[in-house]
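First up is the structure itself, then whatever we jot down about it.
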Amino acid sequence: MTAPAEPPPEQTPGVPGEQSPTRPVPPASGSGVPDVPIASARGRWILLTTVLGSSMALLDSTVVNVALPQIGRDLGADLAVLQWTVNAYLLTLAGLILVGGALGDRFGRRRIFVLGVIWFAAGSLLCGIAPNEGVLIAARALQGIGGALLTPGSLALIQGSIRSDDRARAIGLWSGLGGVGAAVGPFLGGWLVDGPGWRWVFLLNVPVAALCVPVALRHVPESRDPQAHGRFDVAGAVIGAASLGLLTYALIEARNGTAQAVATAVGGLLLGALFVWVERRRQYPMVPPSIFASRQFTAVNLVTLCVYAAFGGFFFLVVLQLQVVVGYSALASGAALLPTTALMLLLSARAGALGERIGPRIPLTVGPLLCAGGMLLMLRVGPGASYGADVLPALVVMGMGMVTLVAPLTATVLASVDPGRAGLASGINNAAARAAGLLAVAALPLLAGMGPDSYLSAPAFDAAFGRAMLWCAGILVVGSVLAWATVRKPAPASCHPLCRTCCGVTSPPLEPPRTAGR
């Protein structure tokens with residue numbers, strides 16, 4: 001089902017379209033190209049809007065994990081409910097994030113961004129008042145839809161509003177402020193869980209949205225891509241999300257050994273094959289198969305799958321380990337994770353510059369190995385573990401590995417395709433990372449032998465956590481070998497990431513489309 005083609009609307013002030021490499025870029029004077037200085041009052045309002053909106057989704061990826069043990073105890077839920085609390089959000093976000101970006105380009109980035117913020121806040125409100133696990137999981141899925149609408153629009157609003165000379169500075173400020181928020185997130189989440197309760201982890205998004213929406217409507221100019229065709233691959237998005245959903249359900253339920261889990265897995269695989277078939281035959285596919293003609297792009301996405309599957313599993317389980325086994329409070333467990341995010345905030349730009357000088361092959365090979373070493377060091381974290389001697393060294397090694405690989409990974413994704421497809425390539429890579437985390441959260445407890453109530457028993461969870469860390473380390477080693485065997489130095493004309501500060505732990509940074517004036 002696709003929307004009928006319409007003539008592109010007249011471009012309003014502040015509207016860059018993604019330019020074809022062969023299409024001349026119009027001059028700024030009188031052309032409708034955005035010209036809002038970042039130092040102006042309106043420029044600061046635009047920056048505030050994008051930071052507030054993106055922070056809602058960025059914080060959600062880290063804060064919710066801190067609240068999982070308390071959610072489980074309060075609702076009397078088993079481990080499967082905790083898995084779905086994470087995965088319901090990831091499922092709709094990963095399945096629809098590419099569609100969200102396309103909707104913004106066609107119907108207005110501010111309009112879709114504001115809709116996403118409102119939708120996300122409504123889902124958050126439902127999470128905060130959820131009377132039972134079923135409502136909580138459904139509300140998390142709604143949150144993911146909102147995230148898919150607002151996440152691609154955040155940087156696109158900067159691209160579509162700030163004048164070209166100030167854009168790099170604006171994106172640097174956006175990523176730096178977002179990184180500070182990401183670093184504070186687990187600490188804030190832990191304080192809320194230990195204080196007013198886990199529901200406030202979600203309810204906090206409501207006042208943030210109440211501030212963000214009127215500021216966006218008053219101060220942010222509307223922007224579109226005048227070349228957007230208005231045809232959306234809804235069928236591809238639905239089939240892809242359904243395939244991931246069935247596979248996730250099968251992996252979570254597989255511990256019960258039922259025929260239903262087997263049938264669901266088969267259905268998920270068949271839908272996955274159907275997704276590939278549909279994308280190969282649609283005129284405007286969500287994931288154009290032609291983009292995988294680049295061997296480098298295909299290779300780096302395989303590395304992404306390995307790396308972010310391990311990250312997704314690790315960050316899901318490590319907070320449970322710290323609270324259930326070591327005995328930390330929610331606040332202490334959230335604060336314990338600060339070194340990893342702080343290292344990424346402080347050193348990612350330098351790691352990206354180093355990757356540009358020496359090429360991505362070494363960073364993408366060494367980075368996963370460092371992360372694997374950090375996960376092996378987590379085997380020392382058990383009952384009575386010392387933070388300084390046991391937890392901190394593991395997280396520092398893990399953080400250095402993430403610093404080493406994340407920025408070069410994004411640069412390699414962008415360098416492996418034509419500049420005009422950089423936004424699409426980044427979106428596919430971001431969705432692949434989220435899908436990998438989704439499947440890892442579903443599969444890792446099964447592979448580690450975790451029972452439905454294992455998170456309520458410190459000895460049982462500790463033993464299973466050790467097995468899970470071995471699985472994560474092994475997946476990272478596979479990613480390292482893939483990188484060494486397949487990744488090569490980008491061409492000198494490659495385009496480099498606009499976002500140089502990478503603080504997300506569940507996915508690589510999402511790049512906006514390359515626009516006029518760059």
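The values are calculated or read from the model by the stated rules, or taken from the named source; none is laboratory data. For clarity, every value in this text was computed on a predicted model and none was experimentally measured. Counting neighbours? That spans all protein chains shown, and the Cβs are built from the backbone with ideal geometry, glycine included. These area figures cover heavy atoms from the full protein model, side chains too; ligands, DNA and RNA do not enter into them. Shrake-Rupley method; radii C 1.70, N 1.55, O 1.52, S 1.80 Å.
Let's see how each residue does on (1) at pLDDT 95 or above; (2) touching a strand residue (DSSP E or B) at 6+ places or on another chain (Cβ under 6 Å); (3) of a type outside the set (Gly, Ala, Ser):
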position: GLY95; (1), (2), (3): no, no, no
position: ASP105; (1), (2), (3): no, no, yes
position: ARG110; (1), (2), (3): no, no, yes
position: ILE118; (1), (2), (3): yes, no, yes
position: GLY123; (1), (2), (3): yes, no, no
position: VAL135; (1), (2), (3): yes, no, yes
position: ARG140; (1), (2), (3): yes, no, yes
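Among the residues of segment 458-469, those identified as open to solvent by 10 Å² or more (accessible area, probe 1.4 Å) and touching a helix residue (DSSP H, G or I) at 6+ places or on another chain (Cβ under 8 Å) are ALA458, ALA460, ASP462, GLY466, ARG467. Taking segment 278-293 as the range and being open to solvent by less than 40 Å² (accessible area, probe 1.4 Å) and either in a helix (DSSP H, G or I) or among the basic types (Lys, Arg) (or both) as the test, the residues that pass are VAL278, GLU279, ILE291. If you check VAL180, VAL184, VAL201 for being free of Cβ contacts under 8 Å to residues at least 24 places away in the same chain, in a helix (DSSP H, G or I) and closer than 27 Å to GLY399 by Cβ, only one passes: VAL184. Restricting attention to segment 47-80, the residues that are under 21 Å from LEU251 (Cβ atoms) and assigned to a helix (DSSP H, G or I) add up to 8. The lone criterion from (1) open to solvent by 10 Å² or more (accessible area, probe 1.4 Å); (2) in a helix (DSSP H, G or I); (3) touching a residue at least 12 places away in the same chain (Cβ under 8 Å) left unmet by GLY451 is number (2). Within segment 367-426, being more than 30 Å from PHE297 (Cα to Cα), hydroxyl-bearing (Ser, Thr, Tyr) and not in a helix (DSSP H, G or I) holds for one residue alone: SER386.
How many of the residues making up segment 118-152 are in contact with a Gly (Cβ under 6 Å, 6 or more places away or on another chain) and open to solvent by less than 10 Å² (accessible area, probe 1.4 Å)? Residues flagged as in contact with a Gly (Cβ under 6 Å, 6 or more places away or on another chain) and open to solvent by less than 10 Å² (accessible area, probe 1.4 Å) within segment 118-152 amount to 7.
When restricted to residues that are in a helix (DSSP H, G or I) and over 16 Å from THR304 (Cβ atoms), segment 427-448 contains 7. Exactly one residue among ARG106, ARG73 is open to solvent by 10 Å² or more (accessible area, probe 1.4 Å), among the basic types (Lys, Arg) and more than 18 Å from ALA330 (Cβ to Cβ), and that residue is ARG106.
If a residue must be surrounded by fewer than 21 Cβ atoms within 10 Å (Cβ to Cβ) and assigned to a loop (DSSP other than H, G, I, E, B), how many such residues does segment 223-249 contain? Qualifying residue count for the region: 7. Looking across segment 294-308, the residues that are of a type outside the set (Phe, Trp, Tyr), more than 23 Å from PHE232 (Cβ to Cβ) and part of a helix (DSSP H, G or I) come down to ARG295, GLN296, THR298, ALA299, VAL300, LEU302, VAL303, THR304, LEU305, CYS306, VAL307.
Flag not set for GLY479, criterion: surrounded by fewer than 17 Cβ atoms within 10 Å (Cβ to Cβ) and either charged (D, E, K, R) or at pLDDT 80 or above (or both). Would you call LEU337 without any contact (Cβ under 8 Å) to a residue 40 or more places away in the chain and among the hydrophobic types (A, V, I, L, M, F, W, C)? No, not satisfied. Does PHE275 satisfy being in a loop (DSSP other than H, G, I, E, B), under 19 Å from THR92 (Cα atoms) and either modelled with pLDDT of 90 or more or touching a Ser or Thr at 6+ places or on another chain (Cβ under 8 Å) (or both)? No, not satisfied. Within segment 350-365, which residues are of a type in the set (A, V, I, L, M) and surrounded by fewer than 18 Cβ atoms within 10 Å (Cβ to Cβ)? ALA353, LEU354, ILE358, ILE362, listed by residue number.
Suppose the filter is among the small types (Gly, Ala, Ser) and crowded, with 18+ Cβ neighbours inside 10 Å; does GLY388 pass it?
No.
Tell me, yes or no, whether segment 310-317 has at least one residue that is out of contact with any strand residue (DSSP E or B) (no Cβ under 9 Å at 6 or more places or on another chain) and open to solvent by 50 Å² or more (accessible area, probe 1.4 Å). So far as segment 310-317 goes, no, none of its residues is out of contact with any strand residue (DSSP E or B) (no Cβ under 9 Å at 6 or more places or on another chain) and open to solvent by 50 Å² or more (accessible area, probe 1.4 Å).
Please determine whether any residue of segment 349-365 is of a type outside the set (Val, Ile, Thr), farther than 30 Å from VAL193 by Cα and assigned to a loop (DSSP other than H, G, I, E, B). Looking for residues that are of a type outside the set (Val, Ile, Thr), farther than 30 Å from VAL193 by Cα and assigned to a loop (DSSP other than H, G, I, E, B), one finds at least one in segment 349-365, hence yes.
Output the residue which, of all residues in segment 6-65 that are among the charged types (D, E, K, R) and modelled with pLDDT under 85, is surrounded by the fewest Cβ atoms within 10 Å (Cβ to Cβ).
GLU10
Filtered by the rule that a residue be β-branched (Val, Ile, Thr), open to solvent by less than 80 Å² (accessible area, probe 1.4 Å) and part of a helix (DSSP H, G or I), segment 253-272 gives THR264, VAL266.
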